[in-house]
Amino acid sequence: MPNKIIKIAILDMYNGEPNQGMRCIIDVVNRFSPVMSFEIFDVRVKCELPDIHKFDIYISTGGPGNPLIGDGNWDVKYYEFIDSLNKWNNENSIKKHVLFICHSFQMACLHFGLATVTKRNDTSFGVMTIHKTKEGLVDPLFEGLSDPFYAIDSRDYQVVQPKLSIFTKKGAKIISLEKIRDHVQYERAIMAVRFTDYFVGTQFHPEADPISFVSHLRNKEAKEKIRAMKGKRKFRNMLEDLLDDDKIYRTNETLIPNFLRIAINDLMKTKKMLSN
Ligand SMILES: NC(=O)CC[C@H](N)C(=O)O
């Protein structure tokens, strides 16, 4: 693919487990195929990471398990890799753009020392409302999404107890939060962070589409577990939410495309400036 000017690396964090995330990410990235090409790196099984000289944009996926634990090999390399991208951005005018999703988002929050990651009391799974913070209302990542907007959530862990002094020191911003739960006094978990102008992450799955969710529910055990967890009515409401144009479809068509468009515009501008 000689004239695809922009190269994307997809960091597959699924540890070899079946998932819907990869198909969905590839599907969204392919909408930009006239200008972009992509390559996949299997971070957790093969300890693969891209050469940062070869790629402009990085999408680091969700994945199973406890984000606090690696195997001492891939996780160490992954964190070094994130550091090298950050260093690159501090020293070069053509920037590296990174989107961290779910498991990767939790790891990035830990690595940058921004917050604590704890296990939730129960699994969060389904269509959730996501609330923009004041900073989130003006963040270009969310442009075109309502407040609240809707996204697919699928996790056992949560990012909580933000260290606000570190946020300020690093210039990072919390851009979305979980909904307020009426009957429980839990802290609202952090649902998205802008780490820098070029690094951003979401706890939810912006790549998810209704098909991915329904496919997951074709597994009888998964379906029963979720139905029992939510109760019949909420479960049905959730299925209805999936068909709503303004909910999961909207997020799928908006968030990652925003991220890619912002990155492409920035790359085109800086690359052109340098070639002039
Ligand atoms: N979907 C995900 O990436 C889940 C992230 C993490 N393994 C959790 O359970 O919270």
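The values are calculated or read from the model by the stated rules, or taken from the named source; none is laboratory data. What you see is a predicted model; the values in this text were computed from it and never measured. Methodologically, a virtual Cβ is constructed for each residue, glycine included, from the backbone with ideal geometry; neighbour enumeration extends over all protein chains shown. Note: areas computed on protein heavy atoms with side chains; ligands, DNA, RNA excluded. Shrake-Rupley method; radii C 1.70, N 1.55, O 1.52, S 1.80 Å.
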Matching residues, the stretch 140-154, being without any contact (Cβ under 8 Å) to a residue 60 or more places away in the chain and either in contact with a Phe, Trp or Tyr (Cβ under 6 Å, 6 or more places away or on another chain) or open to solvent by less than 60 Å² (accessible area, probe 1.4 Å) (or both): P148, D153
Members of the stretch 53-63 found to be more than 16 Å from the ligand (Cβ to nearest atom), in contact (Cβ under 8 Å) with a residue 24 or more places away in the chain and not in a strand (DSSP E or B), listed by number: K54, F55, D56
The stretch 83-113: number of residues that are more than 15 Å from the ligand (Cβ to nearest atom), surrounded by fewer than 23 Cβ atoms within 10 Å (Cβ to Cβ) and among the aliphatic types (A, V, I, L, M): 2
The one condition in (1) under 16 Å from the mean Cα position of the chain (by Cα); (2) within 13 Å of the ligand (Cβ to nearest atom); (3) open to solvent by less than 40 Å² (accessible area, probe 1.4 Å) that G70 fails to fulfil: (1)
Residue in the stretch 12-19 that is open to solvent by 10 Å² or more (accessible area, probe 1.4 Å), away from the ligand (no atom under 13 Å from the Cβ) and either without any contact (Cβ under 8 Å) to a residue 12 or more places away in the chain or outside any strand (DSSP E or B) (or both) present: yes
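For every residue, the table says whether it meets (1) under 18 Å from the mean Cα position of the chain (by Cα); (2) assigned to a strand (DSSP E or B); (3) closer than 23 Å to K119 by Cα; (4) aliphatic (A, V, I, L, M).
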site: K4; (1), (2), (3), (4): no, no, no, no
site: D27; (1), (2), (3), (4): yes, no, no, no
site: G65; (1), (2), (3), (4): yes, no, yes, no
site: V76; (1), (2), (3), (4): no, no, yes, yes
site: F81; (1), (2), (3), (4): yes, no, no, no
site: L85; (1), (2), (3), (4): yes, no, no, yes
Criterion (within 30 Å of P140 (Cα to Cα), open to solvent by 90 Å² or more (accessible area, probe 1.4 Å) and out of contact with any helix residue (DSSP H, G or I) (no Cβ under 9 Å at 6 or more places or on another chain)) met by exactly one of K269, K225, K232: K269
